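Working notes, beginning with the structure itself.
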Amino acid sequence: MLRATAGSTEERDEEDEGEEELRDGGVPFYVNRGGLPMDEETWERMWRHVARIHPSGEALTKEIRGAMDLPKIPVPSVPTYQPTTTIPQRLEAIQKYIRELQYNHTGTQFFEIKKSRPLTALMDIAKEMTREALPIKCLEAVILAIHLTNNMPGVERFPLSFKSHFSGNHFYHIVLGVHSGGRFGALGISRREDLMFKPLEFRTLMDLVQEFEGAYRGYWHSLRKIKIGQYVSHDPHSVEQIEWKHSVLDVDKLSKEELRKELERHTRDMRLKIGKPAPPSPTKDRRNSMGSPLKGPGSPIRRISRAERRPSGEKKVLEQKSPDINGYQIRV
């Protein structure tokens, strides 16, 4: 699918949110929707696209595709830890692994990430990323970082995305915010060194956001919008969807103090989610409409009789009747 590049409507904003930029290297980019290995049509389309966007053009593609002695690319190893490895050290190891996969400059995103898919399906894609060890873009890096931090219950994760403006165009980027030990940080990948990893050293979410805002200013980008999701479940088999945008903050319309208050409110909302049980699946409304999967189509629904609906505070002694010696029975 070719991403749109013209216009700035809200509809296109929603469609492209989560991609690092509206255009990759100044041109649209494709998404591989056929899985791996690539089908012939997607493979040839990728090379035609490379020939259009690279300065060397067709000559580069012929040189690479015709070479018989290309060097073997090392496959990064998924990080492992000792029990004594600290949380900051583990996060740095994860970021090092993401860097070693490298940023995808081909103009074709290799893994299709649908934000509406349940967490368990996205984690399957993350496992495929570790097997294939291909270059990735920022949204893929977020999914991979979630997978690699699932076994770290002391680390809470949340999506943090940005919309910036430069030279008449809007650009999009996303990282995985992390929170542990009262400090915030981030994991991710970008063409820009200071728009991805942030060590676990920021006292508030406002401090973390200001760090990214300063990096954008360094590239003459003005930050227009920030979207922050809720904490992501640590259960890799969860059928919950990731909440990508619990808070949507229009930076242009908020003063610095208003932005700080909104970020503090969001931080409180995230804390409230910790410890809450996951919603049942399917939901109550769906259960009412589709019935219980454990019952056959002809299974009767048991209804509680009026006699069984005894208030919890009612004394059992009130239910006892005077003994009838003549009608005495042995009860088993």
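The values are calculated or read from the model by the stated rules, or taken from the named source; none is laboratory data. Values in this document were obtained by computation on a predicted structure and should not be read as measured data. Here the Cβ positions follow ideal geometry from the backbone for every residue, glycine too, while neighbour counts run over all protein chains shown. Each accessible area value is taken on the protein alone, full model and side chains, heavy atoms only, with ligands, DNA and RNA left out. Shrake-Rupley method; radii C 1.70, N 1.55, O 1.52, S 1.80 Å.
Here are some notes:
- Over all projection directions, the Cα-based convex hull of the range 96-158 averages an area of 4.5 nm².
- The range 213-260 - Debye-derived log10 I(q)/I(0), Cα point model, q = 0.22 Å⁻¹: -0.84
- Neighbours of Thr42 by Cβ distance under 14 Å: Lys/Arg scored +1, Asp/Glu scored -1, total -2.
- At R0 = 30 Å, FRET efficiency that the Cβ-Cβ distance of Thr130 and Asn169 yields, to 0.05: 0.35
- Calculated FRET value between Ile274 and His54, using beta carbons and R₀ = 45 Å, to 0.05: 0.45
- The range 20-152: proportion of alpha-carbon pairs further apart than 22 angstrom, %: 46
- Apportionment of accessible area to carbon and sulfur, the range 141-250, percent (1.4 Å): 48
- Across the range 121-251, the relative contact order, built from alpha-carbon pairs under 8 Å that are at least six residues apart, equals 24 percent.
- Distance histogram for the range 130-254 (every C-alpha pair counted, 5 angstrom bins, percent rounded to whole numbers): 2, 10, 20, 24, 21, 13, 7, 3, 0
- Cut-off 14 Å (backbone N to label point 7 Å along Cα→Cβ of Arg192), residues of the range 81-107: none
- Distance from the range 50-69 to the range 192-236 (C-alpha centre basis), Å: 36
- D (Stokes-Einstein, µm²/s), Kirkwood Cα radius, the range 31-85, 1.567 mPa s at 4 °C: 90
- Under 5 Å, built H, 5+ apart or other chain: amide partners of Met196: none
- The range 173-285 - accessible surface per residue (Å², probe 1.4 Å): 52
- Residues in the range 70-83 carry Karplus couplings, in order, of 5, x, 6, 7, x, 9, x, 9, 4, x, 10, 9, 8, x Hz; the curve used is 6.51 cos²θ - 1.76 cosθ + 1.60 with θ = phi - 60°, and Gly or Pro positions show x.
- Once the 1.4 Å probe is applied to the protein heavy atoms, the range 30-126 comes out at 61 Å² accessible per residue.
- Across all Cα atoms of the range 192-232, the radius of gyration (one decimal) and Dmax (whole number) stand at 11.0, 32 Å.
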